[in-house]
1. State all residues of segment 156-174 that are farther than 19 Å from residue 123 by Cβ and either more than 17 Å from the chain's Cα centre (by Cα) or without any contact (Cβ under 8 Å) to a residue 24 or more places away in the chain (or both); if no residue qualifies, say none.
2. Within segment 62-181, which helices (runs of 4 or more DSSP H) (wholly inside it) include 3 or more residues that are surrounded by 21 or more Cβ atoms within 10 Å (Cβ to Cβ), at negative phi and touching a helix residue (DSSP H, G or I) at 6+ places or on another chain (Cβ under 8 Å)?
3. Answer with yes or no whether residue 57 is buried (at least 23 other Cβ atoms within 10 Å of the Cβ) and at pLDDT 95 or above.
Amino acid sequence: MKKKDSIYSAELIVDDVADGLPDAATPTLSHYDETGQACMVDVSTKAETRREATAAAFVELSDAVLAALPQNPKGNPLEVARFAGIQAAKQASNLIPMCHPLALSFVDVQVRVVQGGVAIEATAATVAGTGVEMEAMTAASIAALTVYDMTKALDKGIRIREVALLRKSGGKSGEYRREIV
């Protein structure tokens, strides 16, 4: 095993000849220490910059469920899903073990009916030493689950699909935009 400069290193670097894992030149997962134990990444030396991320999810609904949305006895499913997504973004670190708790400066969740279902887009922003991808992804996922919860009485075959990071900005890795094919 190669020695690291710091016990708080985020990389797991193991000699590829010894056990088949990548060498130091190959990108590695960040949430492991040099012994292979899962750990929270130390971001204390990272620069605080404005960071923003947007994620999406799609809830596939039948035409009958889409037509029934306005008459839902539980309330407006789209508005409840929007609130659930905002609340979820603020709880990401409580749900995902190695996720850093962040002081979010902005969360927005848009939920709209489109052909074949409901499209969800969630954006989170902060000024911190780590990104907000997990907060945006959590918001989109929980908003989608809430649409399911609010409409499941009409159809158990509802599908949640295409949960994905669309874009992110800030930090050392800079800009990312998902290529749409």
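The values are calculated or read from the model by the stated rules, or taken from the named source; none is laboratory data. All of these numbers come straight from a predicted model, not from anything done at the bench. Quick reminder, even Gly has a Cβ in these numbers, built from the backbone with ideal geometry, and neighbours come from all protein chains shown.
1. 156, 157, 158, 159, 172
2. 77-89, 133-151
3. When the stated conditions are applied, residue 57 passes them.
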